[in-house]
Amino acid sequence: MNLMTLIDGPSALIVLGGTALATVLRCGIGDCRITLRKLGQLGQPQFDADGTRAEVALQVQEIRQDGFLRAPLHHFDDDEFEQATEAMIARRSVQALLESHAAFRARRLAGAERAVRTLAQAAELAPVFGLAGTLVSLSQLPVEGLARGAFAGAISMAVVTTLYGLLAANLLLAPLARMIERAAQSEERERQAVIDWLAAQLADLNPASPPLPGDPLAEAA
């Protein structure tokens with residue numbers, strides 16, 4: 001089997017270029033920009049749960065010793081935990097921590113959802129442009145007769161464009177969407193575990209704080 005016959009620049013341009021253009025037109029530049037950022041983050045550590053827990057443990061120790069009012073605010077490598085902890089100390093309430101975490105969580109999940117939706121759209125469009133490439137190749141057949149070379153070239157391009165569309169959809173775009181989704185879910189689980197631990201450590205200092213509606217802590221209780 002000669003795999004070189006599967007390499008066709010015009011076919012790749014029709015399928016990949018057409019899919020990219022149609023995705024931008026359908027989803028918008030903003031969603032595509034978010035998608036590219038999420039793709040660039042794949043394979044990179046997004047959240048250091050152990051390191052953050054160690055930083056939070058020091059903050060918890062000082063809050064328990066000095067109280068919310070006198071405890072100094074520590075710098076965290078993770079911006080979310082730094083801002084959430086700052087809100088908690090400023091308002092002297094664990095509820096402020098939970099509210100800040102919920103806001104950040106909603107923002108992260110919204111970004112991941114937009115990226116997944118964009119890639120899903122692209123996965124739907126790729127086979128369509130594979131079919132478009134097939135029609136384009138068949139339209140190149142000479143009208144005065146089917147010369148053997150022209151017929152073979154048109155059929156080859158038709159098959160390759162269809163193949164490119166199917167491969168792009170099922171071996172590239174759809175798997176990338178699932179990778180972003182799994183990465184987002186994994187990060188949320190790790191962040192939630194640290195938040196649960198932090199809230200539990202300080203719960204007795206804020207016994208009157210009401211549970212946040214829809215918060216995982218309230219649902220688990």
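Bear in mind that the values in this text are calculations on the coordinates, not laboratory data. Computed from a predicted model, the values in this text were never measured in an experiment. With ideal geometry, Cβ positions are generated from the backbone for all residues, glycine too; neighbour counts draw on all protein chains shown.
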Quiz item: ³J(HN,Hα) across segment 158-175 via Karplus (A = 6.51, B = -1.76, C = 1.60, θ = phi - 60°), whole Hz, x for Gly/Pro?
Solution: 4, 5, 5, 5, 4, 4, 4, x, 5, 5, 4, 6, 9, 10, 10, 6, 4, x
Quiz item: Given that compact globular proteins tend to follow 2.2 N^0.38 Å, what is the ratio of the alpha-carbon Rg of segment 1-67 to that value?
Solution: 2.19
Quiz prompt | Sites residue 179 and residue 65 - FRET efficiency at Förster radius 45 Å, r taken between beta-carbons, to 0.05 | solution = 0.55
Quiz item: Any idea which of 90, 35, 49 is furthest toward the positive side of the dipole for segment 34-193, if Lys and Arg beta-carbons carry +1 and Asp and Glu beta-carbons -1?
Solution: 35
Quiz item: Spin-label point model (7 Å from Cα, Cβ direction): what's the residue 58 to residue 79 distance in nm?
Solution: 2.1 nm
Quiz item: Where the centroid of each part is defined by its Cα atoms, how far is segment 37-51 from segment 79-94 in Å?
Solution: 23 Å
